[in-house]
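Enquirer: First the structure, which I've put down as structure tokens, then a few questions once you've had a look.
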Amino acid sequence: MSPRSNDDAQERNPAEEAPTAPGTPGTAPTEPPGPALPAEPSAGGAGAGVNGVRGAGAEGRRETGRHRVLQLAACVLALAVAMTAGAVVLGGRGDRGTDTVSAAPELAPELLASGTLASGISALQSHLKAQPEDFGGWATLGVAYVEQARTNGDPSRYPQAQRALERSLRLRPDNDPALAGRAALAAARHEFPQALRYADRALDENAFNERALSVRIDALVELGRYKEASKAADQADSRRPGVPVFTRYAYVRELRGDVRTARRVLEQALAGATAPGDIAYVASSLGQLSWREGAYGTALTYYERALRADGTYLPALEGRARAQAANGDTAAAIAGMEEVVARFPLPGPLVVLGELYEARDGTGDRVTARDQYALVNAWTALARANGVNADLDTALAAADHGDRKAALRAARAEWERRRTVHTADALAWALHVNGRDDEALPYARRATATGYRDATFRYHRGMIEHATGHEKEARDSLSSALRLNPGFSPVGAKLAERTLRALGGAR
């Protein structure tokens, strides 16, 4: 164990910062800024690997004027509170307080035995005040802060996570739990090359570290290195089969258009899940997959199962609202999404809620919609202030509902960092809304080249094809989008239908 330097006693103690406060508001994944990648729930559900499964064939309106301004100011204040107070709920990877944090090997499990992230962090803070040399405890606290930041949209936790993880590595250089935690922190900040380096370092120390195996897959996916990600998923499955690896394996397959295998793997993961957090996470993943395929009734069934396991699980609440909207139940969808953004005012839910208001188009709805879009900018500023790269979020939201030139700048910057189907789609659409359709078309085609079945990608491609005079291709792309998922967007789906009618096509 490394001796502590004289400065250590004087530095800020991450274990004493910002005590958590249950119930404080704090986004699906939702992902998640960027593509909705699977996040890592608590370990559990391990059993036969994915390859074994595959071989077996298991298949308010608001008033205008001064009142509206005051309400918007209150929303901005709520957002600031949400992103600085440190909410005690988990998000994309076990969002809610019923989920557990996987303890580092050196940390006594009883410190996290209560099962909630809030109480786990509190226990860790108390433990580390008494035992400041516990490098495993610092590693686990750092990971817990990463979880809190990633899942409630509270980026103020990231600097705390970094300090805790650095403290662990000073005490014990190259300990794999802290290295894996640094990988997770880098991925959460969208620093994917760094995430990959830390994951590889952790795996050099411990080839079976589940978090490092999982983050390695995430980083390769986010860098657009899909073949390597597929190999990494196979390797992780051979070493640590279980819910975190199964969900990533499924997503890698879905990116390649193999929805059947993705569904089979997720169903197997759900069948083996026992922890409420794992059940909520995997059921929500199945709900999202079903929604993308236009199976709204099935999606709602999965979301209800997730909410039976954890009634406050954000991805399930958000997904249910999306599915209700697509299924025609606009009132329930708006009520559900209002609940989500009241607690977690993050870009994805804010944009969806704004578009639901636009689609309803009642008195004051368009003004209310603009309020939601304005909050995206507030989130982006706070995220960047805490070291998070938010360019993909900016590009996607601003292209339709903000500064189009800023959208293009952000999309170009993100494309230089990572060349994925999601960044290709974002760049194509940002170019389109700026009137640069000839430049946009190759990126739109690239976004759909892997076989990933996303109606928004097909819609974007169809609109760009229409703008460039490729009418037959435009009809095909728009028809495909509406067949696949006719409720993919409250606003976009209507525009796709109008454009398709103008082109003489039919759904």
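The values are calculated or read from the model by the stated rules, or taken from the named source; none is laboratory data. Here the structure is a predicted model, which means the values were calculated and not measured. Here the Cβ positions follow ideal geometry from the backbone for every residue, glycine too, while neighbour counts run over all protein chains shown. Side chains included, ligands, DNA and RNA excluded: accessible areas come from the protein's heavy atoms. Shrake-Rupley method; radii C 1.70, N 1.55, O 1.52, S 1.80 Å.
Enquirer: Under the 0.36 nm per residue contour assumption, what length would be gained going from the current alpha-carbon distance of Thr301 and Ala413 to full extension?
Expert: 36.4 nm
Enquirer: Separate question: What percent do you get for the relative contact order of segment 188-235 when only Cα pairs under 8 Å and 6+ apart count?
Expert: Across segment 188-235, relative contact order equals 35 percent.
Enquirer: In nanometres, what is the gap between the two model label sites at Asp403 and Arg501, each 7 Å from Cα along Cα-to-Cβ?
Expert: Computed distance between label sites Asp403 and Arg501 equals 3.6 nm.
Enquirer: With a 1.4 Å probe and every protein chain kept in, tell me what percent of the accessible surface of segment 381-507 is carbon plus sulfur. Numbers along the way, then the final one.
Expert: Values: 2480 of 5310 Å².
Summing carbon and sulfur atoms, their accessible area is 47 percent of the total for segment 381-507.
Enquirer: Over what distance in Å are the Cα centres of segment 168-216 and segment 311-353 separated?
Expert: 33 Å
Enquirer: Right, next: Karplus couplings for segment 366-379 from phi (6.51 cos²θ - 1.76 cosθ + 1.60, θ = phi - 60°), rounded to Hz, Gly and Pro as x?
Expert: 5, 5, 5, 4, 4, 4, 5, 5, 4, 5, 4, 5, 5, 4
Enquirer: Another question, then. To the nearest 0.05, how large is the calculated FRET efficiency for Asp174 and Asn327 if R₀ is 56 Å and r is the Cβ-Cβ distance? Don't skip to the end; give the middle numbers.
Expert: Values: r = 51 Å, r/R0 = 0.92.
For Asp174 and Asn327, the calculated efficiency is 0.60.
Enquirer: Which distance in nm do the two modelled labels at Arg436 and Ala130 give, with both placed 7 Å along the Cα-to-Cβ direction?
Expert: With each label point 7 Å from Cα toward Cβ, the separation is 6.0 nm.
Enquirer: Here is a further query. In percent, how large is the relative contact order of segment 322-435, given Cα pairs closer than 8 Å and 6 or more residues apart?
Expert: Relative contact order, segment 322-435: 17 percent.
Enquirer: Then there is this: Quick one: if you stick a label point 7 Å off each Cα along the C-beta vector at Ala271 and Glu293, how many nm between them?
Expert: Placing both labels 7 Å beyond Cα along the Cβ direction yields 1.6 nm.
Enquirer: Which order do Lys494, Lys129, Lys405 take when ranked by solvent-accessible area (1.4 Å probe, heavy atoms of all protein chains), largest first? Can you show the working numbers first?
Expert: Details: Lys494 95, Lys129 125, Lys405 145 Å².
Correct descending sequence by accessible area is Lys405, Lys129, Lys494.
Enquirer: In addition: If you roll a 1.4 Å probe over the heavy atoms of the protein chains, what accessible area per residue do you get for segment 257-339, in Å²?
Expert: Details: 2840 Å² over 83 residues.
With all protein chains present, segment 257-339 gives 34 Å² per residue.
Enquirer: Turning to a different aspect of this structure: Given H placed on each backbone N at 1.01 Å, which residues far from Phe488 in sequence or on other chains put an amide H within less than 5 Å of it?
Expert: none
Enquirer: Out of the total accessible area of segment 206-299 (probe 1.4 Å, heavy atoms of protein only), what percent is carbon and sulfur?
Expert: The computed percentage sits at 46.
Enquirer: Could you report segment 365-431's accessible area per residue, 1.4 Å probe, as an integer in Å²?
Expert: Accessible surface, normalised per residue, equals 36 Å².
Enquirer: Could you order the peptides 476-482, 243-249 from most to least packed, using the average number of other C-beta atoms within 10 Å per residue?
Expert: Details: 476-482: 22.6, 243-249: 30.3.
Taking the mean over residues of other Cβ atoms within 10 Å, the ranking is 243-249, 476-482.
Enquirer: Can you send over the carbon and sulfur percentage of the accessible area for segment 138-194, probe radius 1.4 Å, protein chains only?
Expert: 46 percent
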